[in-house]
Every structure is written in C-alpha cells, then in structure tokens.
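Structure, as structure tokens:
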Amino acid sequence: MPKRRLAVLVSGRGSNLQAIMNACASGQIPATDVVAVISNRPQAPALALARAAGIPSPCVDHRRFADRSSFDAALRAQIDDFAPDHIALAGFMRQLTPAFAQHYAGRMVNIHPSLLPAFPGLHTHAQALDEGVKLHGATVHFVTADLDAGPIIVQGVVPVLAQDDVDSLAARVLALEHRIYPQALAWLVSGRLRIEQGKVTIDGETASGISPCIWPGTEDL
Ligand code: GRF
C-alpha cells in the first residue's frame with residue numbers, strides 16, 4: 001500500500017493526537033505518516049506533542065481573521081500545502097463553513113465525545129449526566145456541513161455509573177476515544193470505508209457484517 005498522508009487539526013490538549021501518532025508509529029494505522037498538525041490556537045499543548053515527534057505544526061490563529069470564511073480559506077491553504085490524503089479533527093474547536101466541509105468530503109473525519117446523534121455540541125458529559133442516560137460514549141464520523149452530524153463510522157460505548165461526575169465520565173469516554181479513533185483511521189486509510197446513502201459501510205458490509213461498535217473489554221475489530 002502506498003504511504004498515506006494524514007493531517008491532524010487540533011485546538012487543545014492533544015491526547016487523541018498522541019493516540020493517532022502512536023498508532024501510526026506502531027503500524028496499527030497502516031502505512032501512514034502524520035505529515036502536519038495544525039492548530040487554530042497558538043498555545044495548544046497538542047502543538048508541543050507534535051513538535052516533540054518532529055512533525056510540522058503550524059498555527060492558523062482564528063483571531064487574526066475578520067470572519068469565518070477568510071479563516072477557513074487560510075486554513076484550507078495551510079492544510080493543502082501538506083497535500084494530505086486524509087484529515088482528522090482531534091479536539092478541533094472551530095465550526096467549519098459548508099464550502100470547507102465540501103472540499104474535504106469523504107476525506108475528513110472527527111471524533112465527538114457522545115453517542116451521536118445524542119448530545120451534539122459542547123458539554124456532552126454534563127448533558128449525559130443531566131439526562132440520566134445509562135450508556136454514553138464517543139463517535140467517529142465523517143465531517144459534513146452540519147455540526148456533529150456526518151455519517152457515523154464507529155461508536156464506543158461506556159456505562160454511566162451512579163457515582164459519576166463529569167470528570168470521571170469524561171475520563172472513561174476518553175480512554176475509549178483513544179481506541180476507536182485509531183481504529184476508524186485504520187479503516188479509512190486502507191480504503192475500506194464507503195458512504196452509501198448517508199451510511200458508512202466497511203468492506204461493503206453494514207453493521208451486520210462487522211459491528212463498528214466497541215464495548216469496554218472487547219477486542220479491537
Ligand atoms: C475529545 O474529547 C474529543 O472527543 C473532543 O475534544 C476532546 C479533545 O481532547 N472533540 P484531546 O485534545 O484529544 O485530548
């Protein structure tokens with residue numbers, strides 16, 4: 001398989017970025033190099049993780065742009081400089097314009113810390129606790145113009161325990177994020193995913209063939 005080029009967009013801590021870099025280094029995400037880590041925030045700790053790994057890590061600071069479309073144009077130019085095959089949003093906290101999403105349609109994925117379509121947007125763990133749901137989790141999905149609403153690739157599920165607070169629940173979900181994001185990217189770079197009528201298939205199978213749902217303790221698919 002020819003080498004695939006992956007760009008990762010970040011805004012903050014970078015724990016999913018680290019999981020992705022580790023998975024590329026170990027070959028779990030096969031034949032793939034993280035060729036750029038791009039942040040919209042100059043102080044994002046994720047940038048330091050990228051630098052430590054020797055990966056180019058420019059910042060396109062959204063505060064320097066008058067409006068969303070000029071920021072998106074600059075971000076797009078910066079991404080395209082690295083000629084990535086795929087783009088992973090990993091804690092990237094800017095809403096993107098429809099034109100931007102369209103430009104990378106089928107090549108850009110995101111991780112969201114809830115079982116979409118439940119709890120799009122921010123504060124997902126607090127929302128889950130407020131609603132009293134018994135199961136919570138994370139979703140990797142293709143990025144479309146609609147916020148947190150693109151075709152779902154894989155979901156990871158965790159229980160919500162009676163004694164949970166936001167921090168304990170977030171930590172349980174995050175550990176699962178670090179498993180499902182590399183898994184989804186491995187499928188993506190290997191060309192195993194298709195979007196058919198808004199739904200994702202893996203090797204042409206829907207969920208009846210391979211179940212893209214990871215429970216704690218189960219083996220990776
Ligand atoms: C994760 O919970 C991710 O699902 C969400 O933002 C958080 C980023 O965390 N989109 P990190 O920067 O990867 O540690």
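The values are calculated or read from the model by the stated rules, or taken from the named source; none is laboratory data. Note that the coordinates shown come from a computational prediction; the quantities given were computed from them, not determined experimentally. Because the Cβ atoms are built from the backbone with ideal geometry, glycine has one as well, and the counts that use them run over all protein chains shown. Note: accessible area is taken over every heavy atom of the protein model, side chains too, but ligands, DNA and RNA are not part of it. Shrake-Rupley method; radii C 1.70, N 1.55, O 1.52, S 1.80 Å.
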Worksheet item: In region 49-64, what residues are more than 20 Å from the chain's Cα centre (by Cα) and within 17 Å of ALA19 (Cβ to Cβ)?
Response: ALA52
Response to the item:
Among residues of region 67-97 being open to solvent by less than 50 Å² (accessible area, probe 1.4 Å) and at pLDDT below 95, the residue nearest to the ligand (Cβ to nearest atom) is LEU96
Worksheet item: Applying the selection to region 116-142, what residues are more than 26 Å from GLN197 (Cβ to Cβ) and either of a type in the set (A, V, I, L, M, F, W, C) or part of a helix (DSSP H, G or I) (or both)?
Response: LEU122, THR124, HIS125, ALA126, GLN127, ALA128, LEU129, ASP130, GLU131, VAL133, LEU135
Worksheet entry | Cβ pairs under 8 Å, 6+ apart, first in region 99-114 and in contact (Cβ under 8 Å) with a residue 60 or more places away in the chain, second open to solvent by less than 20 Å² (accessible area, probe 1.4 Å) and more than 16 Å from the ligand (Cβ to nearest atom) | VAL109/HIS86; VAL109/LEU188
Practice prompt. Return yes or no: is SER57 under 22 Å from ALA184 (Cα atoms), surrounded by 21 or more Cβ atoms within 10 Å (Cβ to Cβ), in contact (Cβ under 8 Å) with a residue 12 or more places away in the chain and within 15 Å of the ligand (Cβ to nearest atom)?
Written response: no
Practice prompt. Considering only region 1-22, state which residues are more than 10 Å from the ligand (Cβ to nearest atom) and within 14 Å of the chain's Cα centre (by Cα).
Written response: LEU6, ALA7, LEU9, MET21
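I'm checking my understanding of the structure. Among residues of region 143-156 that are in a strand (DSSP E or B) and open to solvent by 10 Å² or more (accessible area, probe 1.4 Å), which one is nearest to VAL189 (Cα to Cα)? Quick ask: steps written out before the conclusion?
Taking region 143-156 first, the residues in a strand (DSSP E or B) are 152-156.
Narrowing further to those that are open to solvent by 10 Å² or more (accessible area, probe 1.4 Å): 152, 155.
Working: ILE152: 16, GLN155: 18 Å.
Taking the candidates together, the pick is ILE152.
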Worksheet item: Do you know which residues across region 98-115 are open to solvent by 10 Å² or more (accessible area, probe 1.4 Å) and in a helix (DSSP H, G or I)?
Response: PRO98, ALA99, GLN102, HIS103
Practice prompt. Taking only region 23-49 into account, find how many residues are in contact (Cβ under 8 Å) with a residue 40 or more places away in the chain and more than 16 Å from MET93 (Cα to Cα).
Written response: 8
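Regarding LEU174, is this residue open to solvent by less than 70 Å² (accessible area, probe 1.4 Å), touching a Leu at 6+ places or on another chain (Cβ under 9 Å) and within 16 Å of the ligand (Cβ to nearest atom)? So that I can check it myself, show each step before the final result.
On the way: open to solvent by less than 70 Å² (accessible area, probe 1.4 Å): yes; touching a Leu at 6+ places or on another chain (Cβ under 9 Å): no; within 16 Å of the ligand (Cβ to nearest atom): yes.
Against the criterion (open to solvent by less than 70 Å² (accessible area, probe 1.4 Å), touching a Leu at 6+ places or on another chain (Cβ under 9 Å) and within 16 Å of the ligand (Cβ to nearest atom)), LEU174 does not qualify.
Looking at GLY132, GLY156 in this structure, which one is farther than 20 Å from MET93 by Cβ and within 11 Å of the ligand (Cβ to nearest atom)?
GLY156
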Worksheet item: If you go through region 27-34 one residue at a time, do you hit one that is within 14 Å of the ligand (Cβ to nearest atom) and open to solvent by less than 10 Å² (accessible area, probe 1.4 Å)?
Response: no
Worksheet item: Within the bounds of region 44-51, is there any residue that is among the small types (Gly, Ala, Ser), in contact with a Cys (Cβ under 8 Å, 6 or more places away or on another chain) and part of a loop (DSSP other than H, G, I, E, B)?
Response: yes
